[in-house]
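Comments concern the structure below.
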Amino acid sequence: MSEKAKIEIMDDGPLIVSDLNSLEDGEGNGLAIKKKVALCRCGASGNKPFCDGSHKGASFKSSLSPAESSAPGKEGDAVVRSLGDGPYEVCGDIELCVEDDSGLSGDDPYYLCRCGASENKPFCDGSHKRIGFTDK
Ligand code: FES
């Protein structure tokens, strides 16, 4: 039996994603994944969507206020899509939590910032358009 998929949000760092069913680009093409992968959310990685440690040099800061988990029972494969020049779209049965395992709630699907500019981290607030974020 496989583990429940999980996204762990690291303070001032990447998303640690484990036990995903699939990771896709914006066109639905599957990307190679391991049991656990680190996904960039600062926007500075040279290997997007994966983290390459650039958040340290970019002085990426994120302030998270853990909320009580109220995520409804989600069903289906746990899928993360890195939408072109935009956020991660997260679908299916996947737990979202911060480093201390506090749960966050999100609709299905929900959208996680990967440009580093959202004022509502970890969620996307559309700021990627304002800053001209690209996958390159
Ligand atoms: S991806 Fe950062 S605000 Fe949308």
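Remarks
- Only one entry in Lys129, Lys136 is more than 12 Å from Ile9 (Cα to Cα), at pLDDT below 95 and of a type in the set (Lys, Arg), namely Lys136.
- Residue, modelled with the lowest pLDDT, within the range 40-72, restricted to residues that are of a type in the set (Gly, Ala, Ser), over 15 Å from the mean Cα position of the chain (by Cα) and surrounded by 11 or more Cβ atoms within 10 Å (Cβ to Cβ): Ser69
- The listed residues are Leu104, Leu112, and the only one of them that is modelled with pLDDT under 90 and either of a type in the set (Lys, Arg) or surrounded by 18 or more Cβ atoms within 10 Å (Cβ to Cβ) (or both) turns out to be Leu104.
- If you filter the range 25-54 down to residues that are without any contact (Cβ under 8 Å) to a residue 60 or more places away in the chain and within 16 Å of the ligand (Cβ to nearest atom), you find that the one that is farthest from Gly116 (Cα to Cα) is Asp25.
The values are calculated or read from the model by the stated rules, or taken from the named source; none is laboratory data. Owing to the predicted nature of the structure, the values given are computational and were not obtained by experimental measurement. Every residue, glycine among them, receives a Cβ derived from its backbone with ideal geometry; neighbour counts consider all protein chains shown.
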